[in-house]
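Participant: Take a look at the following structure, please.
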Amino acid sequence: MEDVELAKLEDLPQSYVQDLTAHNLVPLWPSLRGVLPPTKPRPLTQATAWAYQDIRPLLIQAGELTPIEKAERRVLVLANPGHGLQKMQASAAIYLGMQLLLPGELAPPHRHTPNAVRMIVEGEGAYTTVQGEKCPMSRGDLILTPTGLWHEHGHDGDQPVIWLDVLDLPMVYYMETSYHVNGTQQELTPGHGEAQYSRAGVIPTPFFNRSDKAYPILRFAWTDVKAALINLANDAAQVECVQVTYINALNGHDAENILGYYALMLRPGQTLRMPARSPACVFHVIEGQGMELKFEDKVFVLKDADTACVPGYGAVTLKNLSAEQACFVFMTDESPLHRKLGVYENWG
Ligand code: GTQ
């Protein structure tokens with residue numbers, strides 16, 4: 001059945017509307033179709049791409065303009081114009097930023113309620129210390145800073161280091177639960193989760209030596225993740241979507257509570273159609289000769305270190321533009337959040 005057109009605010013006497021306002025009351029019917037649109041949501045999130053070659057010089061300039069002491073985190077935010085740039089959102093729940101750390105700089109210790117991860121884009125010698133564990137940064141590594149864990153970034157190398165920050169900040173801020181606490185420089189504690197949980201099929205035995213940390217692995221080395229993708233592609237030739245999920249090795253759940261993190265390998269020349277699902281999704285090229293991303297009537301070509309964001313409820317088609325080399329892509333989406341809230345949908 002077609003929706004009937006509902007009465008507008010202007011259809012009511014002005015004095016009546018003023019009386020409502022005076023009592024903090026609002027009539028639903030003029031806004032009903034806005035908050036419950038017919039057949040599918042109307043996302044503010046627009047399919048948007050950011051080229052690394054545009055971001056990099058501006059980020060290096062930020063390094064000259066603003067000292068780390070005056071920035072704490074020297075970040076240019078990848079803002080979706082559909083939400084308004086000042087909202088600093090890539091999607092309803094996803095925040096993206098490119099962060100620059102120069103040799104010798106320290107981004108001071110703090111912890112906060114939003115969950116974060118860092119996907120390293122460029123440079124060697126920097127590290128994030130997360131709750132006492134020093135996590136070195138190299139291209140393609142994923143470092144977790146889950147909710148509430150102390151973290152600081154340092155740099156012992158001699159070239160700029162740049163990484164992509166992904167946070168669930170828009171969601172946590174919307175819930176009025178976002179805040180931070182500053183700390184003092186962390187004491188390093190022995191042990192590396194990625195070493196203790198280095199094989200997917202075997203983990204430290206409970207009660208004897210299993211870590212009591214809620215987040216056992218804080219750093220996923222790109223060399224390991226890439227090897228897992230190549231093994232999957234070789235062993236499962238019939239598998240179309242060569243994708244792995246970053247998980248919590250203790251319980252098999254997503255690595256963090258709100259956003260999901262994945263790595264995808266497109267075989268040489270492969271075209272992959274991804275189903276229309278409710279969560280918005282982010283794509284970031286780790287390694288390859290270029291990838292085409294199609295979303296509805298938009299087409300983007302993403303090169304190394306480029307990033308794109310698409311809203312939910314639409315199909316995405318990815319195409320590896322190289323016939324000789326694989327293309328490796330880091331992805332983030334809102335699936336864990338949608339599943340927990342019970343609004344997750346896959347429309348195929
Ligand atoms: O590195 O801790 O892009 O706290 C935004 C907020 C990075 C960080 C961001 C943060 C950080």
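Participant: When the helices in the chain are scored as -39500 (n - 2.57) per DSSP H run of 4 or longer and the sum is shared across all residues, what 222 nm value do you end up with, to the nearest 500 deg cm²/dmol?
Facilitator: Computed mean residue ellipticity for the chain: -4500 deg cm²/dmol.
Participant: Within 10 Å, at most 11 other Cβ atoms, and a DSSP state outside H, G, I, E, B define an exposed site. Report the longest part of the chain free of exposed chymotrypsin sites (Phe, Trp or Tyr not before Pro).
Facilitator: Free of exposed loop sites, the longest segment is 1-178.
Participant: Whole-Hz ³J(HN,Hα) for each residue in segment 101-110, computed from phi via Karplus 6.51 cos²θ - 1.76 cosθ + 1.60 with θ = phi - 60°, x for glycine and proline: what do you get?
Facilitator: Values per residue, Gly and Pro as x: 10, 9, x, x, 7, 10, 8, x, x, 7 Hz.
Participant: If Rh is defined by the Kirkwood formula over all Cα pairs and Rg also comes from Cα, what ratio Rg/Rh do you get for segment 201-348?
Facilitator: Reported Rg/Rh, Kirkwood definition of Rh: 1.00.
Participant: Okay, next question. Going by a ≥ b ≥ c, the root eigenvalues of the Cα gyration tensor, does segment 57-114 fall in the rounded group (a/c under 1.5), the prolate group (a/b larger than b/c) or the oblate group?
Facilitator: In terms of gyration-tensor shape, oblate.
Participant: From the mean inverse distance of alpha carbon pairs (Kirkwood) and the Cα radius of gyration, derive Rg over Rh for the chain.
Facilitator: 1.02
Participant: Moving on. Can you count the Lys pairs in the chain whose Cα atoms are under 19 Å apart, with each pair 8 or more apart or on different chains?
Facilitator: 7
Participant: Another question about this same structure. Say we join alpha carbon atoms closer than 10 Å with springs in a Gaussian network model of the chain; which of Val26, Val282, Val166 then has the biggest fluctuation?
Facilitator: Looking only at Val26, Val282, Val166, the largest GNM fluctuation is found for Val26.
Participant: Taking 1 over the mean of 1/r across every pair of different Cα atoms in segment 214-287, what Kirkwood radius in Å do you get?
Facilitator: One over the average 1/r among Cα pairs gives 13.9 Å for segment 214-287.
Participant: Another one. HN-Hα J couplings of segment 80-97 from phi, Karplus 6.51/-1.76/1.60, θ = phi - 60°, integer Hz, Gly and Pro as x?
Facilitator: 7, x, x, 8, x, 4, 5, 6, 6, 10, 8, 8, 4, 10, 10, 10, 10, x
Participant: When only Cα pairs under 8 Å and 6 or more residues apart are kept, what is the percent relative contact order across the chain?
Facilitator: With pairs under 8 Å counted, the relative contact order is 15 percent.
Participant: More than 16 Å apart: what percent of Cα pairs in segment 281-348 qualify?
Facilitator: Roughly 51 percent, rounded to a whole number.
Participant: Residues of segment 143-175 with the amide nitrogen closer than 15 Å to a label point 7 Å from the Cα of Gln186, along Cα-to-Cβ, please.
Facilitator: Correct set: 143-155.
Participant: State the answer as a single residue: which of Met265, Phe207, Asn80 lies farthest towards the positive end of the charge dipole of the chain, with beta carbon charges of +1 for Lys and Arg and -1 for Asp and Glu, about the Cα centre.
Facilitator: Phe207
Participant: What list of ³J(HN,Hα) couplings, whole Hz, do you get for segment 141-157 from phi and the Karplus terms 6.51, -1.76, 1.60, once you set θ to phi - 60° and write x for glycine and proline?
Facilitator: Values, residue by residue: 5, 10, 10, 8, 10, x, 3, x, 8, 5, 8, 8, 10, x, 8, 9, x Hz.
Participant: Another question, if that's okay. From the C-alpha coordinates alone, can you work out the Kirkwood hydrodynamic radius of segment 2-127, in Å?
Facilitator: 19.1
Participant: Shape verdict for segment 93-237, please, from the Cα gyration tensor: rounded (a/c under 1.5), prolate (a/b greater than b/c) or oblate.
Facilitator: Rounded, because the longest to shortest axis ratio a/c is under 1.5.
Participant: Treat each spin label as a single point 7 Å out from the Cα along the C-beta direction, and report the Ser322 to Glu5 distance in nm.
Facilitator: 5.6
Participant: Could you give the length gained by full extension between Met175 and Arg199, i.e. 0.36 nm per residue of separation minus their alpha carbon distance, to one decimal place?
Facilitator: This chain segment gains 4.9 nm when fully extended.
Participant: Count neighbours as other Cβ atoms within 10 Å of each site's Cβ, and list the GluC sites (Glu not before Pro) in segment 261-333 that are DSSP loop with at most 13 such neighbours.
Facilitator: Passing both the DSSP loop test and the Cβ count: Glu296, Glu324.
Participant: Let me ask another. Return the long-range amide H neighbours of Gly125 (sequence gap of 5 or more, or a different chain), with a cut-off of under 5 Å between placed amide H atoms.
Facilitator: Residues meeting the amide H criterion: Met137.
Every number in this text was worked out from the coordinates using simple rules, so none of it is lab data. These numbers come from a predicted model, not from an experiment. FYI the Cβ positions are ideal-geometry reconstructions off the backbone, even for glycines, and counts take in every protein chain you see.
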